[in-house]
1. Tell me whether the stretch 24-44 contains one or more residues that are under 16 Å from residue 93 (Cα atoms), touching a helix residue (DSSP H, G or I) at 6+ places or on another chain (Cβ under 6 Å), in a strand (DSSP E or B) and in contact (Cβ under 8 Å) with a residue 40 or more places away in the chain.
2. Could you please let me know if residue 160 is under 22 Å from the mean Cα position of the chain (by Cα), surrounded by fewer than 18 Cβ atoms within 10 Å (Cβ to Cβ) and within 30 Å of residue 239 (Cα to Cα)?
3. Restrict the check to the stretch 202-209 and report whether at least one residue is out of contact with any strand residue (DSSP E or B) (no Cβ under 7 Å at 6 or more places or on another chain) and in a loop (DSSP other than H, G, I, E, B).
4. In this structure, is residue 180 closer than 23 Å to residue 459 by Cβ and surrounded by fewer than 16 Cβ atoms within 10 Å (Cβ to Cβ)?
5. State the number of residues belonging to the stretch 210-249 that are assigned to a helix (DSSP H, G or I) and assigned by TED's automatic domain parsing to the domain that holds residue 169.
6. Filter the stretch 351-361 down to the residues that are outside any helix (DSSP H, G or I) and surrounded by 18 or more Cβ atoms within 10 Å (Cβ to Cβ) and list them by number.
7. Give 68, 53, 57 a once-over and let me know the one that is in a strand (DSSP E or B), in contact with a strand residue (DSSP E or B) (Cβ under 7 Å, 6 or more places away or on another chain) and crowded, with 24+ Cβ neighbours inside 10 Å.
8. Any residue at all in the stretch 27-37 that is over 30 Å from residue 344 (Cβ atoms) and not assigned by TED's automatic domain parsing to the domain that holds residue 112?
């Protein structure tokens, strides 16, 4: 069999209707979400079962044809986009969208890789359970992609990243063999924890086809508030204060700057301002509890009242209804969209030790202001787990295109500062193509050598998502 005969072989495996080769049909699959990377594909193959995925991979292994696994194609670093050679195939898992099992007593849900995240949240909710992974693209991203990038989101503070929500995996290996690891066990001390190799590997070691996911008791009450702050350092003081009084009821703790709020209000004027006067920083926080009633509302009111009395926060507003809570969440969730409407910007998805976030922002803001006078810092993120979306916009009257051309210079300032603060240049978006060369600057030769050794051991032919991560 030759690579030229592969499309016909794929048609035998998955059906001709699910093998796309025409450029018009493949275009949505070969363009990344940010429109930064544009590729070409020999074919886009859409299997419906694990057996079909395995057969497709075996055919590619025989011909040494590169495979790009793809979920909802909502990634931000080009990790699911083929190169421009037209020799790679895209394996889209979208048709693998079944919930195979839900065990309410074991608090697990077994789902195929193509399940849309919001649908899994809904399935858990119908069983009076919670699947806590939650992020902006949840209406279109798929769980296989979430696991392949170790997605984070707004509830990491309480429930952890995607890797913390997985008990077992089913994976098609680069050889076409299937590893059946769908075990719903909290304790399994029988050797290497293989599932963790594939979570966050961005499809470079195999194709995740299904997962056993953790569920939690469904919250019966929530309380949402926005606190005004003077500095990011005060956000850390507030975090310590709230955690001390509310414990693990604290589900979300989201920092955003006055610049972020200004952009949201500019592009979405229907979103009301939380306070009559402006403040330099804001935190959106949410508590949740499995016990229904007003106790959690009383708790958040008392906690924020103490924060104001202790001069941690100048002011705070608490949602008194579900509609008001949604309005407060809009202040945070509209930031990325508002920034996109404002024009080109240079994005950074970074993590910093929580205790050093305030110092990092102060130091790095100053370095950028000196190197690039007039830049606007659009800083927001999940400060409760150390993850910042540290985005740099050009001066208001500046040349956006000329500023975008200086992206490598801006990245160098930001990433060198991240390294100086013992942080990571990728917190939840992955490496993909975008940061593949960057990690060479910040990971040790020993660490890179170990990663390459794992890659060679599992994918000796180098056919799984080449050019990504490594």
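1. Yes; the residues of the stretch 24-44 include at least one that is under 16 Å from residue 93 (Cα atoms), touching a helix residue (DSSP H, G or I) at 6+ places or on another chain (Cβ under 6 Å), in a strand (DSSP E or B) and in contact (Cβ under 8 Å) with a residue 40 or more places away in the chain.
2. On the way: under 22 Å from the mean Cα position of the chain (by Cα): yes; surrounded by fewer than 18 Cβ atoms within 10 Å (Cβ to Cβ): yes; within 30 Å of residue 239 (Cα to Cα): yes.
When the stated conditions are applied, residue 160 passes them.
3. First pass over the stretch 202-209, keeping only residues out of contact with any strand residue (DSSP E or B) (no Cβ under 7 Å at 6 or more places or on another chain): 202.
Still in the running and in a loop (DSSP other than H, G, I, E, B): 202.
Scanning the stretch 202-209 turns up at least one residue that is out of contact with any strand residue (DSSP E or B) (no Cβ under 7 Å at 6 or more places or on another chain) and in a loop (DSSP other than H, G, I, E, B).
4. On the way: closer than 23 Å to residue 459 by Cβ: yes; surrounded by fewer than 16 Cβ atoms within 10 Å (Cβ to Cβ): yes.
Criteria met by residue 180.
5. In the first step, residues of the stretch 210-249 are kept if they are assigned to a helix (DSSP H, G or I); the result is 232-249.
Of the ones still in play, those that are also assigned by TED's automatic domain parsing to the domain that holds residue 169 are none.
Matching residues across the stretch 210-249 total 0.
6. Start the filter on the stretch 351-361 by keeping residues that are outside any helix (DSSP H, G or I), which leaves 351-353.
Of everything in the stretch 351-361, those that are outside any helix (DSSP H, G or I) and surrounded by 18 or more Cβ atoms within 10 Å (Cβ to Cβ) turn out to be 351, 352.
7. Values: 53 fails: in a strand (DSSP E or B); 57 fails: in a strand (DSSP E or B).
Going through 68, 53, 57 in turn, the sole match is 68.
8. Checking the stretch 27-37: not a single residue is over 30 Å from residue 344 (Cβ atoms) and not assigned by TED's automatic domain parsing to the domain that holds residue 112.
The values are calculated or read from the model by the stated rules, or taken from the named source; none is laboratory data. Keep in mind it's a predicted model, so treat the numbers as computed, not measured. Please note: Cβ atoms are built from the backbone with ideal geometry, for glycine as well, and neighbour counts cover all protein chains shown.
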